[in-house]
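What follows is calculated from the coordinates using simple rules that are stated; it is not laboratory data. Everything numeric here is computed off the predicted structure, so don't read it as measured data. Methodologically, a virtual Cβ is constructed for each residue, glycine included, from the backbone with ideal geometry; neighbour enumeration extends over all protein chains shown.
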């Protein structure tokens, strides 16, 4: 249903790689929480952004990409739709990817708002992927890019290898903790057990060694 008095304009932005066998119907089901929230009856109708200059939600069947540059009016309950969408979308992805979501406070039009108050804008970074390892890889890559970009203002890139190693160490520890938590309560496997085949945690991200 339309939200004429919505608290926010919500912008969803991202590019997600999909498995080669994913079709439109599967993607429509995965994105149902978004287009239904927009009051549409299908992905085709709901894919149109509130701003005509934005491409909206697009499925590139040839290159196997989901591309989102889409704005919808909404409230804080949209966060639940995002959670549901990510859970469904994970199964269709071929690699980890980031989705940026920005909540723009509708009470602040341009730079005008209630005197003495700040805009209640919010920013959420979501990650999707076929496994927790792929999701952590996407998180790691984004963090490395951000840190290197910031520190290259003060240091040469060749000096930052140690920083990247420390970031990898942090993510490696997080990954190992995740795998250990998935293994809790499971009976030991043969050949010494190990984490190689436990749930989604079998494959360590390629940089986290």
What order, most packed first, do the peptides 28-40, 72-84 have when packing is the mean number of other Cβ atoms within 10 Å of each residue? 28-40, 72-84
Expressed as a whole-number percentage, the relative contact order of the range 13-105 with C-alpha contacts under 8 angstrom and at least six residues apart is 42 percent
Based only on other Cβ atoms within 10 Å, what is the fewest-to-most ordering of 148, 10, 99? 148, 99, 10
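What order, most packed first, do the peptides 86-98, 59-71 have when packing is the mean number of other Cβ atoms within 10 Å of each residue?
86-98, 59-71
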quick shape note, the range 1-110: Cα extents on principal axes in Å, largest first -> 43, 26, 25
Compute the semi-axes of the equivalent ellipsoid of the range 1-40, taking the square root of 5 times each eigenvalue of the Cα gyration tensor, and list them largest first in whole Å. 26, 13, 5
Per the Kirkwood formula over distinct C-alpha pairs, the hydrodynamic radius of the range 10-72 in angstrom is 11.7 Å
